[in-house]
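A.B. asks: Below is a structure I'd like to ask you about.
The values are calculated or read from the model by the stated rules, or taken from the named source; none is laboratory data. The model shown is predicted, which means the values in this text are computed figures rather than measured ones. Cβ coordinates were reconstructed from backbone atoms using ideal geometry, including for glycine residues, and neighbour counts include every protein chain displayed. Quick note on the areas: whole protein, heavy atoms, side chains included, nothing else; ligands and nucleic acids left out. Shrake-Rupley method; radii C 1.70, N 1.55, O 1.52, S 1.80 Å.
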Amino acid sequence: MHMPTMPPLPDDLAEKLNPAQKKAVEHAGGPLLILAGAGSGKTRTITFRIAYLVRSCNVMPEEILALTFTNKAAGEMKERVESLLGGSSYRAWIGTFHATCAKILRRHAELAGRTTSFTIYDRNDQRAVLKRVYKDLNLDDKSLAMGLALYYIESHKNKGLDPVKGSKKRAIDKLLVKVAQHYQKKMKELDAFDFSDLLWFTHRLFRKNREILEIYQKRWKHILVDEYQDTNTVQYLLIKELASKSESLVVVGDDDQSIYGWRGADIENILRFEHGFPGTKIVTLQENYRSTANILNLAGSLITHNKRRKPKELFTANPEGSLIESWSLSDDREEADFVSRKLKELFETGFSPSECAVFFRTNAQSRLLEQACSLRGIPHVVVGGHRFFERAEIKDALAYLRVIKNHADSIALTRIINYPPRGIGKTTLDKVLNLATRKDICLFDALNLAIERNILSKGPASSIRNFLDILQKISEKAGRLSVYETMSLLIDEFGLVRHLQQQDTPEADSRVENLGELLNAASDYEEMYGDRSLDGFLEKAALATDVDQADMTKDSVVLMTVHLAKGLEFDAVFIVGLEDGLFPHARSIEDNDVEEERRLCYVAMTRAKKKLFLVNAQRRATFGTTRVSKDSRFLNEIPPDLVEFKNVHLADRSYKSGLFQGQRFDPEFDQSLDRARVPPGIEHIEPVWEHGISLGMEVHHPTFGTGRILEVRGNGPDARVDVNFIQHGRRTIIARFLFPGG
């Protein structure tokens, strides 16, 4: 059903849109694909579309469904819609695919084989479940790699397929199906869903219960999907099902920014959108509002080397800007040194730290960059390095919340049963777990049964009884308390803070502070969403992404992998490690398919607003061995007239700042290390701390041989020094036992 001729846009909206955006916002109904180039205002277009439907087309907010991929994006969309609509905007459902599916499954949990209190499991929880499955099946990681089993299960669900009905042609196939069967059975027993379950079970719910699908088809008459290029098959099927009776389906995306194929995203969803949705209209947003003309032209020229894409010609009214700088440094340490020094120069010319970002292809590259920033006193934050909700003390507290809400969550219960220590050892736990298996009951029920039948020794039985009594008391109160109050109560009753304070160490103090921050998160959640339920808070915590959790409010340089950078923008961007085998990654080169890697590089480039630096190293240390690098092929695909090339050769030390003092840069350095000569009369040489410890210094140890200093903690003879030894890898050594290398 298509809407009749559309009313005109209100003047206050129309004046803020360019002609292409206006055309998309005023779309008359039916399927619409908005091809939105980088920085072309797609969020503005999608939010103005929602405001237009409500203000001008008599659409009720609750008839609108807007889907995106991260909580951060959903939050930004909600804020913008609220500013355009005011109080009525809260009735529109704006959220991630996973949060939307979780909400649907809560309402129809019984049909999905769960209770309304089901838990959402993250990757660590999934592995814990698989460990139990492997134990039940007498398997180990050598017989079948756990990573392969997880990939098999998730890839099937992402394609809308049932993993327990997979192919059984080969022995490995039969084993994977068997593991999947036991895994799904165990997840049901635990009353839990994993991330891919949320999508797959919702799709299955709709397929098997058409009357439930019709409820949501009638409710959501207008569907909008952001970042459509990142959808996988099951998400495509969900959209297809929900939109089959809608008055309008509008999807926004950019095939040139499809970078998640490795986790199931299918670029064909956007490339062939009009085939899946007949009658599709296409509007292309090509005016970029973010980058200088030089940056935009450089990125645009790179992406034209891809064959699988829809053509678009981005343009901008922004100034031409400075040339892009391409730096080729001697090795990875000098690369980090260069970036830190250049950042300092940018600060001196008016850039603030928070306006600068450093992107890398793999997490491992962050160490030297962090080190260089620390040595220069540059404030920095690593996004995705240590996620708040994955810290041990936070997972412990959340595990308590999970068990209070869902007694069947044996994974969480196993985590907290003896934390803080209460005298319930492995022998006791194994005895109760075996009882649970024999009686086919959850761990919580098995604990109660073990107490009831007096099958445990006196000490552990008393501890378990006390633990269960406190758990029950808090569970009974939880329904009347807010999340903050419940969290405060369990932290106090179970002594989580007291246990850490007794350790009296800086690390324990930091963990106490993190628990305080968790209480702040609970309070903020209630204030932001007006929701006091444990379900909602636990769901938010479980579905939070790296970018959602990153604190980018401080004035700090952002260090992150390129995959996490999409959707962000910075005045100055450094892309490091532009070498074949690293970026593009070796796997894509081996598979003869670098198009997604090129899209990834395009995304990185188009995050930059004013300054862009392309950086690589001629030699890079990998697994303790220094290898010669080859320039990334992407550097050969960009217009040389837009780039200022600054190659620093081994003999040219003009840009060496001495940050990593004592490091040997001469061409024979690696060979001298490989020979690992023992200095004669080592017992008569003064320890290295007498000479002044410095990063990169070549040192010798009587047992481990020759190596290079990576990190120093402390001063003097008792300083702890991390050294990468040629023969023995990375070791921590007390400084008094290290001697100058030779």
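A.B. asks: Please label the shape of the range 327-394 as rounded, prolate or oblate, based on the square roots a ≥ b ≥ c of the eigenvalues of the alpha-carbon gyration tensor (a/c under 1.5 means rounded; beyond that, a/b larger than b/c means prolate, else oblate).
C.D. replies: Note, shape of the range 327-394 comes out oblate.
A.B. asks: Where does the chain land at 222 nm, in deg cm²/dmol rounded to the nearest 500, when only DSSP H runs of n ≥ 4 count, each adding -39500 (n - 2.57), divided by all residues?
C.D. replies: Computed mean residue ellipticity for the chain: -13500 deg cm²/dmol.
A.B. asks: Ok, one more. Which whole-angstrom value gives the distance between the alpha carbon centres of the range 504-544 and the range 128-177?
C.D. replies: 34
A.B. asks: Something else about it: Quick one: Cα centre-to-centre distance for the range 205-230 and the range 325-378, in angstrom?
C.D. replies: Going from one Cα centre to the other spans 46 Å.
A.B. asks: Computed from the coordinates I sent, P(r) over Cα pairs in 10 Å bins from 0, in percent equals one of (i) 2, 13, 22, 25, 19, 10, 5, 2, 1, 0; (ii) 2, 12, 19, 23, 21, 15, 6, 1, 0, 0; (iii) 3, 12, 20, 20, 16, 12, 9, 5, 2, 1, 0. Tell me the label.
C.D. replies: Recomputing P(r) over Cα pairs in 10 Å bins from 0, in percent here gives the entry labelled (ii).
A.B. asks: Sorted by mean Cβ packing within 10 Å, highest first, what order do the peptides 608-615, 101-108 take?
C.D. replies: Peptide ranking by packing, descending: 608-615, 101-108.
A.B. asks: Something else now. With every protein chain in place, what's the accessible area of residue 737 (1.4 Å probe, Å², nearest 10)?
C.D. replies: Number for this one is 100 Å².
A.B. asks: Also: If one computes the Cα centroid of the range 1-75 and of the range 248-315, what distance in Å separates the two points?
C.D. replies: If you average the Cα positions of each part, the centres end up 18 Å apart.
A.B. asks: Okay, next question. Too long at a 22 Å Cα-Cα cut-off: which of 23/312; 131/186; 42/310; 42/312; 22/312; 16/566?
C.D. replies: In this structure, 16/566 exceed 22 Å between Cα atoms.
A.B. asks: May I pose another question? Out of all DSSP beta bridges with both ends in the chain, state the antiparallel percent to the nearest 5.
C.D. replies: Of all bridge pairs located within the chain, approximately 30 percent are antiparallel.
A.B. asks: Given R₀ = 35 Å, what would the calculated FRET efficiency be for residue 589 paired with residue 347, taking r from the Cβ atoms and rounding to 0.05?
C.D. replies: Calculated transfer efficiency: 0.45.
A.B. asks: Using 0.36 nm per residue, how much length does the chain from residue 322 to residue 468 gain when fully extended, once their Cα-Cα distance is taken away?
C.D. replies: Gain in length upon complete extension: 46.0 nm.
A.B. asks: Starting from the Cα gyration tensor of the range 69-137, take the square roots of the eigenvalues, sort them a ≥ b ≥ c, and report rounded, prolate or oblate (rounded when a/c is under 1.5, otherwise prolate if a/b is larger than b/c, else oblate).
C.D. replies: Oblate shape, in that a/c is at least 1.5 and b/c is the bigger or equal ratio.
A.B. asks: Further question on the same structure: What is the range 8-84 by shape, rounded, prolate or oblate, if you read a ≥ b ≥ c off the alpha carbon gyration tensor as root eigenvalues and call it rounded for a/c under 1.5, prolate for a/b larger than b/c, and oblate otherwise?
C.D. replies: Taking the square roots of the gyration eigenvalues as a ≥ b ≥ c, the range 8-84 is rounded.
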